Amino acid sequence: MEKMISVHQLVKSFDNEAVLKGLDLTVDKGEVVVVIGPSGSGKSTLLRCLIGLNDITSGTVSIEGEAFTSESIVSKSARRKMGFVFQHFNLFPNLSVLDNLTLSPVKNKIMTAKEAERVALELLGKVKLENKIGSSVNSLSGGEQQRVAIARALALNPEIMLFDEPTSALDPETVKDILNIIKALAGTGMTMVIVTHEMSFAKEIADKVIFMDDGKILEVDTPDNLFNRPQNKRTKDFLDKIIYM
Ligand SMILES: Nc1ncnc2c1ncn2[C@@H]1O[C@H](COP(=O)(O)OP(=O)(O)O)[C@@H](O)[C@H]1O
Ligand SMILES: [Mg+2]
């Protein structure tokens with residue numbers, strides 16, 4: 001199996017305090033990996049280290065075989081292989097839906113304005129927002145904003161999608177729309193790492209589930225094993241505490 005992501009002994013410290021304490025992880029091409037764990041366990045930091053939003057303190061991260069360490073930074077080419085969807089959308093608030101999708105590809109001279117617009121229209125069709133193309137993102141609902149964010153993350157045709165609690169800030173009735181879009185993406189063979197508290201979704205979509213606690217990966221297994229037969233006491237305690245299914 002081709003490795004899309006490979007993490008070796010990843011440590012990330014803030015002010016000399018390690019919040020990631022030596023993580024090892026691999027993600028194969030087309031694999032869907034779900035990361036669960038209590039708040040503060042380091043899930044967001046892990047995703048941010050993968051894409052270079054946080055530099056790393058020690059260890060290595062490789063994206064399709066291209067490695068970076070504390071001394072190097074993720075290359076532009078590796079960075080462009082990944083799309084990132086945040087809990088709070090992180091859109092450009094004063095811009096239109098269309099401009100949110102076209103700004104970066106055009107500014108970075110990856111696409112002409114015309115090309116970027118064609119790609120944007122196609123992606124907005126996929127997330128069913130063609131009718132909002134000229135609207136300011138401020139005027140959209142949370143679910144609509146997250147759909148724009150997903151379309152924007154797909155605009156550069158990434159090989160890997162990273163989702164950090166993509167439905168945590170949404171009204172319950174819009175959660176399913178977003179989960180269905182993510183499911184459809186998984187169906188296209190997209191490699192994905194998803195941090196989520198939606199356990200039934202995780203069960204359905206994940207090839208493997210990672211349980212993190214206190215900056216460490218304590219358990220990695222199939223969803224069936226991890227949810228039904230957790231081996232680690234802390235995994236079991238975490239699952240017992242949350243209401244799901
Ligand atoms: N920029 C930062 N500066 C200092 N501490 C941080 C920063 N980002 C995250 N942390 C700390 O790292 C730990 C892990 O945070 P985070 O990765 O956001 O956890 P999770 O996403 O699992 O809730 C927390 O204790 C958090 O306070
Ligand atoms: Mg987080």
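Just so you know, all these numbers are worked out from the coordinates, no wet-lab data involved. Small disclaimer: the values here were computed from a predicted structure and weren't measured. Here Cβ is always computed from backbone atoms with ideal geometry, including for glycine, and neighbour counts include all displayed protein chains.
Some values worked out for this structure:
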read-out	value
Fraction of antiparallel bridges per DSSP, the chain only, in percent to nearest 5	60
For the chain, convex hull volume per residue from C-alpha positions, Å³	129
For the chain: relative contact order, % (alpha-carbon pairs under 8 angstrom, 6 or more apart)	25
Mean ellipticity per residue at 222 nm, deg cm²/dmol - from DSSP H runs of n ≥ 4 across the chain, formula -39500 (n - 2.57)	-10500 deg cm²/dmol
27, 220 arranged by Cβ crowding within 10 Å, fewest neighbours leading	220, 27
J(HN,Hα) series, segment 188-202, from Karplus relation 6.51 cos²θ - 1.76 cosθ + 1.60, nearest Hz, glycine and proline x	7, x, 5, 6, 9, 10, 10, 8, 7, 9, 7, 6, 5, 4, 4
Percentage relative contact order, segment 92-157, counting C-alpha pairs under 8 Å, at least six apart	45
Residue 14-residue 128 FRET efficiency (beta carbon distance; Förster radius 45 Å; 0.05 resolution)	0.70
Tilt relative to the chain, helix 142-154 - C-alpha long axis, 0 to 90 degrees, to 10	90
Straight-distance crosslink candidates among aspartates and glutamates, where the alpha carbon sits under 18 Å from residue 236 and sequence neighbours closer than 8 are dropped	198, 213, 214, 219, 221, 224
Shape call, segment 92-157: gyration tensor on alpha carbons, a/c limit 1.5	prolate
Per-pair calculated FRET efficiency, R0 = 35 Å: residue 242 and residue 107 via Cβ, rounded to 0.05	0.25
Extension gain (nm, one decimal) between residue 207 and residue 72, 0.36 nm per residue minus Cα-Cα	45.5 nm
R0 of 22 Å, Cβ-Cβ distance residue 24-residue 2: FRET efficiency to nearest 0.05	0.75
